[in-house]
Amino acid sequence: MNRYRKVVFVSTGGTCRSILAKAIYRNINTNEELQIESRGLVALFEEPVNPKAVAIAKSKGISIEDEKSKQLTMDDFGDDILVLVMTDLLKKKVYDEFENAVNVYSIREFAGEAIDVEAAYGGELAEYGSQFEYLEKLITIVKDKIEQDE
């Protein structure tokens, strides 16, 4: 039996890092029962994906242009839901704002890495490319850990 039925990636606005993480995970996922979602901690209304994130994903053969930001809610937590946020600070904010928050980790923490996935917002396309590559590395580790727990 799977420990988790859903993985929720969370970034600040939900328009770039979490959507990229969701797309990367879906691209390498072999467990069709595992739901993969993207949320923003401050996504008060649906917004389109950051155009630079769309361009980077497209260059890797991944389509995300139809994705929209979605607000993190109380329904996104549970014993069988893994919530992976982009930074340690975001993890603290999630725990501060949601009294029912459980299984919340920074993605770098869950993967056993040292560096958070900071926002590339406003940066050059190359920064978004580096962010994609780092996310891809972390998500491969996350996927392997989840599969080992099954």
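As I understand it, the dipole of the stretch 1-125 uses +1 on the Cβ of Lys and Arg and -1 on the Cβ of Asp and Glu, about the Cα centre. Which of Tyr105, Tyr95, Leu125 lies farthest toward its positive end?
Comparing the listed Cα positions along the dipole, Leu125 ranks first.
Using 0.36 nm per residue of separation minus the Cα-Cα distance, give me the extension gain between Lys60 and Glu47 in nm, one decimal.
That works out to 2.4 nm of additional length.
Just checking my list [x] 57; [y] 66; [z] 52 against percent of Cα pairs over 18 Å apart computed from this structure; which label fits?
It is the one labelled [z].
Please give the charge dipole size of the chain, origin at the Cα centre, charges +1 on K and R Cβ atoms and -1 on D and E Cβ atoms. Round to the nearest 20 debye.
With only Lys, Arg, Asp and Glu charged at Cβ, the dipole is about 240 debye.
Report relative contact order for the chain in percent, whole number only (criteria: Cα-Cα under 8 Å, sequence separation at least 6).
Relative contact order, the chain: 27 percent.
For the chain, give me the percentage of DSSP beta bridges that are antiparallel, rounded to the nearest 5 percent.
Given both bridge residues lie in the chain, the antiparallel proportion sits at roughly 5 percent.
If I require 18 Å or longer along the helix axis, counting alpha carbons, and a Kyte-Doolittle average no lower than -1.0, what helices from the chain are left? Use full DSSP H segments.
Helices passing the filter in the chain: 125-149.
Set the bar at 24 Å for Cα to Cα. Now go through Lys22/Lys60; Lys60/Lys93; Lys52/Lys93; Lys52/Lys145; Lys6/Lys93 and name every pair that lies beyond it.
From the list (Lys22/Lys60; Lys60/Lys93; Lys52/Lys93; Lys52/Lys145; Lys6/Lys93), the Cα-Cα distance tops 24 Å for Lys60/Lys93; Lys52/Lys93; Lys52/Lys145.
Full-extension gain between Tyr105 and Asn29, please, as 0.36 nm times their residue separation minus the C-alpha to C-alpha distance.
Working it through step by step, the gained length comes to 25.4 nm.
So, in nm, how far is label Thr73 from label Tyr121 when the simple model puts each one 7 Å beyond its Cα toward the Cβ?
2.3 nm
Using alpha-carbon pairs under 8 Å, 6+ residues apart, how would you state the relative contact order of the stretch 1-83 in percent?
Computed value for the stretch 1-83: 40 percent relative contact order.
Please report the net charge: other residues with Cβ closer than 9 Å to the Cβ of Glu37, K and R +1, D and E -1.
Cβ neighbours under 9 Å give a net charge of +3.
Can you pull out the GluC sites (Glu not before Pro) in the stretch 3-73 whose DSSP state is coil and whose Cβ has at most 11 other Cβ atoms within 10 Å?
For GluC sites (Glu not before Pro) across the stretch 3-73 that sit outside H, G, I, E and B with at most 11 neighbouring Cβ atoms in 10 Å, the list reads Glu32, Glu33.
No lab work stands behind these numbers, since they all come straight from the coordinates. Please read these numbers as outputs of a predicted model, since none were measured by experiment. Cβ coordinates were reconstructed from backbone atoms using ideal geometry, including for glycine residues, and neighbour counts include every protein chain displayed.
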